[in-house]
Structures are given as C-alpha cells and as structure tokens.
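Colleague: First, the structure itself, so that you have it in front of you.
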Amino acid sequence: MDFSQSSGGEIMRYQSYFNPDIDGSTNKMIESVPLKINCTGVVSHTDFSNSGRRQDFYCIYLIKGKMHMEDFDLLPGDIIIYEPGHYYEYHNEGDTEYLWVHYTGFEAKTLTRTAVHHPNIKQHIGIRKEIIDCFKNLFRQFILRDEFSQAISLCLLRELLYRTGRCAERKEENKISFQTMEYIHGHFREKID
C-alpha cells in the first residue's frame, strides 16, 4: 500500500492526475454536471504545507505520518472532506503520505452529506484496503483515459464516499456481528458439532 516508491526506486513526492476536460485551473465549482472529478493524487513527503479555500470538495485520507490541521491533527486512518469555501490549513510532521481527490457538480453536496454525514470534520476510519483501492483505481482511470474512464471514475468516487461513510458509522459491536455473519455464511454447509 506504500505509494512512495516509483518504479525506479526514488521517493515519489507528488503524483497528481488532472481531468483533461477542464480548461485552466481545477479549483472550480462546476454546476453544469451532476458530478465531476477535477483532480486526484497522492502526496508522500517529509516537508509540506498548504492552506486556502477551494471552490470544490476536497477529500484528504491520511495513510502515514501526521498532519497538523488548523485546529486538530490528522493521524493515519483519518479522513476529512472539506466543502467548497471552507478554509483549510495544514503542515506535516515527519514522513507523511496522504491520498486526495477534488470533486464538484450539482449533486456533490447531497452525495457528500448522504454518504459521509459529517463534512468539514475529521473521521477515523482506519487504514482500509477498500478505500485505498478506490483511490488506486481512480488513478488508473485517469491514466487510461478511454471512453469509459469518466463514468468509471464517478462510480469509484461514489464508492469511496459511501465506503467512508460505512466505515465511519460502523461501531465495534457491528464489526463483530458482521464478522460473525460472514463466518456463518462461509460455513453454512458444514456440520455443527
């Protein structure tokens, strides 16, 4: 799951993927479509900072290190989705790695609030393979750029948001119940002793 190594072995600092359909800046709200991904990527670095107000939604998923936000810290497994216009400010501490996506559209606000429930507030969902896989597959679609990439990318964004909401809402007792049900389902044909 480490995104920091490129094929040549050097440390990858930033990898960004931009929507080829967007002219100029990707920091924009686009109300003419239901949903659009402006850009996405990964940052793996030992020294960075950022601040501002975006016009689109900004999702940050920390998978390594520590990020000092304006009034709280993000730790591995924390995710936050900033709504358009929300001020953000952050810098890292040590070797840090995070995945990000910027998205927009006239359905973006409803989708975010339905799926995640708590925009602008950090949520701890843990390091989840299924969330990381959503990002990896999203990056893959931006590389492929075929006639299906845009539609698949939007499905992956929806999956990312709904999986985030599921992980944030699932309590420990629900996790145990789910694991029990998975076990029963996987072994229902076996004889009970």
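The values are calculated or read from the model by the stated rules, or taken from the named source; none is laboratory data. Computed from a prediction, not measured in an experiment: that's the story for all the values here. So basically every Cβ, Gly included, is an ideal-geometry build from the backbone, and we count neighbours across all protein chains shown. The accessibility values were calculated without ligands, DNA or RNA, using every heavy atom of the protein model including side chains. Shrake-Rupley method; radii C 1.70, N 1.55, O 1.52, S 1.80 Å.
Colleague: Report the extension gain between Arg158 and His187 in nm, rounded to one decimal, defined as 0.36 nm multiplied by the number of residues separating them, less their alpha carbon distance.
Modeller: So the extension gain works out to 7.3 nm.
Colleague: Percent of accessible area on the chain owned by carbon and sulfur, 1.4 Å probe?
Modeller: 51
Colleague: The chain: longest stretch without exposed GluC sites (Glu not before Pro) (DSSP loop, at most 13 other Cβ within 10 Å), sites themselves excluded?
Modeller: In the chain, the maximal stretch lacking such sites is 71-146.
Colleague: Now for a separate question. Can you give the accessible area per residue of the chain, in Å², using a 1.4 Å probe?
Modeller: 56
Colleague: Restricting the calculation to Cα positions, tell me the Rg (one decimal) and the Dmax (whole number) of the chain in Å.
Modeller: According to the Cα coordinates of the chain, Rg and Dmax are 18.0, 67 Å.
Colleague: Now, a different point. Within the range 46-82, report the chymotrypsin sites (Phe, Trp or Tyr not before Pro) that DSSP leaves as loop and that have at most 14 other Cβ atoms within 10 Å.
Modeller: Answer in residue order: Phe72.
Colleague: Determine the dipole magnitude for the range 89-193: charges of +1 sit on the beta-carbon of Lys and Arg, -1 on that of Asp and Glu, nothing else is charged, the reference point is the Cα centre, and the result goes in debye to the nearest 20.
Modeller: Roughly 280 debye, rounded to the nearest 20.
Colleague: D for the range 46-157, whole µm²/s, Stokes-Einstein with Kirkwood Rh over alpha-carbon pairs at 20 °C and 1.002 mPa s: what number?
Modeller: 145
Colleague: For the range 118-160, evaluate the Debye formula with one uniform point scatterer on each Cα (no solvent term) and list log10 I(q)/I(0) at q = 0.16, 0.29 Å⁻¹, rounded to two decimals.
Modeller: -0.48, -0.98
Colleague: Okay, moving on. From the alpha carbon gyration tensor of the range 8-85, can you work out the equivalent ellipsoid semi-axes (sqrt of 5 times each eigenvalue) and give them in Å, largest to smallest?
Modeller: For the range 8-85, the ellipsoid semi-axes come out as 24, 18, 11 Å.
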